[in-house]
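A.B. asks: Quick one: the structure is below, and I'll ask about it shortly.
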Amino acid sequence: MLEPSEINVQIAAAPFLRWSGSKARLVSILERSAPKTFRSYIEPFAGSACLFFRMRPNRATLGDINPEVIDVYTAVRDNPSEVHRYLASIPVSSDAYYILRELDRTTLTLEQRAAQLIYLMKGCFNGVYRTNRKGRFNVPLGSRIYAIPTLQELRAASSLLHGATLISGDFQAALADVQPGDFVYLDPPYPTTTRYRGEYGYAARFDDEDKRRLVAAAKQLTERNVNVMLSYVHDKEIIEELEGWSRMYESVRRTVAGGVKFRTDINEMIMTNYRTTS
């Protein structure tokens, strides 16, 4: 009889990048709200890509304006063993976190940069990605360092990512080749309600002009018979512009705030240009 350690357990691909703003708490609802069949899956604001990993499409496009996110997915797709080798070499400690945070990314290989960001996001305060104006990651260590992905988990993610095109750039770059029958999931960053301090990186700030461009893109996709789902905080302007879209709300606890007393439930708005069965 085989010992437990000798049994080849098939591990399903799952998100491995901790990311503030992730829709992990809504992913089951998002999955039920997605179209049952589609040609290709497109997610222009990937982040942790939790819906991508939940739905596991055979063909996909993942985009993100933050090149470090796309670097992580590229490295895991192409060389999960090497990424894990570097991750496994990093002690789980506060000293290691701050030493790793200060390393110059320009001196690291792609796989080393991927391991660096995975580790930092597992340990940073509230899973917030933030940089200073020079592009240096500056988030302090949080209350603990969450579990580092295993080699088996990274290999499973790699297998799924082999069916994905990875694009670093503005959301419109990921939408460039969308075809009728595709499914586009739009999950832009929430509007900044306080002074912007580099969350998601200074290049990734999502302002009112970006919102208008996103709404225009959603309308164009609808005209081309593309299935679109949008998740965002309640926004009267978007509702008015996307008149006729289906809409539902889910209460979500926002955890980016600096203190527990400032964390509140918000109404997450899920809109689709098609009728859902959820």
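A.B. asks: Would you pick out the residues in the stretch 120-167 that are of a type in the set (Phe, Trp, Tyr), buried (at least 20 other Cβ atoms within 10 Å of the Cβ) and in a loop (DSSP other than H, G, I, E, B)? Don't jump to the end; show me each part of the working.
C.D. replies: Going residue by residue through the stretch 120-167, those that are of a type in the set (Phe, Trp, Tyr) are 125, 129, 137, 146.
From the residues that got through so far, the ones that are buried (at least 20 other Cβ atoms within 10 Å of the Cβ) too are 129, 137.
If the condition is that a residue be of a type in the set (Phe, Trp, Tyr), buried (at least 20 other Cβ atoms within 10 Å of the Cβ) and in a loop (DSSP other than H, G, I, E, B), then Tyr129 is the only one that fits.
A.B. asks: Name every residue in the stretch 217-229 that is in contact (Cβ under 8 Å) with a residue 40 or more places away in the chain and part of a helix (DSSP H, G or I), in order of residue number.
C.D. replies: Start the filter on the stretch 217-229 by keeping residues that are in contact (Cβ under 8 Å) with a residue 40 or more places away in the chain, which leaves 217-218, 221-222, 224-229.
Result: Ala217, Ala218, Leu221, Thr222.
A.B. asks: Do you know which of the residues in the stretch 217-231 that are over 18 Å from the mean Cα position of the chain (by Cα) and among the polar types (S, T, N, Q) is nearest to Ala34 (Cα to Cα)?
C.D. replies: Taking the stretch 217-231 and keeping what is over 18 Å from the mean Cα position of the chain (by Cα), we get 217-227.
Still in the list and also among the polar types (S, T, N, Q): 220, 222, 225, 227.
Working: Gln220: 19, Thr222: 15, Asn225: 15, Asn227: 9 Å.
It comes out as Asn227.
A.B. asks: While we're looking at this one, here's another question. Taking the stretch 50-72, which residues are under 17 Å from Ile270 (Cβ atoms) and either of a type in the set (A, V, I, L, M) or modelled with pLDDT under 95 (or both)? So that I can check it myself, show each step before the final result.
C.D. replies: At the first step, the residues of the stretch 50-72 found to be under 17 Å from Ile270 (Cβ atoms) are 50-52, 54-55.
Those that are under 17 Å from Ile270 (Cβ atoms) and either of a type in the set (A, V, I, L, M) or modelled with pLDDT under 95 (or both): Leu51, Met55.
A.B. asks: Looking at the stretch 175-216, which of its residues are part of a loop (DSSP other than H, G, I, E, B), at pLDDT 85 or above, over 20 Å from the mean Cα position of the chain (by Cα) and of a type in the set (D, E, K, R)?
C.D. replies: Of everything in the stretch 175-216, just one residue is part of a loop (DSSP other than H, G, I, E, B), at pLDDT 85 or above, over 20 Å from the mean Cα position of the chain (by Cα) and of a type in the set (D, E, K, R), namely Asp177.
A.B. asks: Limited to the stretch 1-38, what total is found for residues that are at pLDDT 95 or above, more than 16 Å from Cys50 (Cβ to Cβ) and surrounded by 11 or more Cβ atoms within 10 Å (Cβ to Cβ)?
C.D. replies: Residues meeting the conditions: 2.
A.B. asks: Based on this model, can you work out whether Tyr232 counts as part of a loop (DSSP other than H, G, I, E, B), surrounded by fewer than 21 Cβ atoms within 10 Å (Cβ to Cβ) and either modelled with pLDDT under 95 or of a type outside the set (A, V, I, L, M, F, W, C) (or both)? If you could, list the steps in order and put the result at the bottom.
C.D. replies: Details: part of a loop (DSSP other than H, G, I, E, B): no; surrounded by fewer than 21 Cβ atoms within 10 Å (Cβ to Cβ): yes; either modelled with pLDDT under 95 or of a type outside the set (A, V, I, L, M, F, W, C) (or both): yes.
Here the answer is no, as Tyr232 does not meet what is asked.
A.B. asks: Please determine whether any residue of the stretch 12-30 is part of a strand (DSSP E or B) and of a type in the set (Ser, Thr, Tyr).
C.D. replies: Step one: filter the stretch 12-30 for residues part of a strand (DSSP E or B), giving none.
No.
The values are calculated or read from the model by the stated rules, or taken from the named source; none is laboratory data. Just so it is clear, the structure is predicted and the values come from calculations on it, not from any experiment. Here the Cβ is made from the backbone with ideal geometry for all residues, glycine too, and neighbour counts use every protein chain on show.
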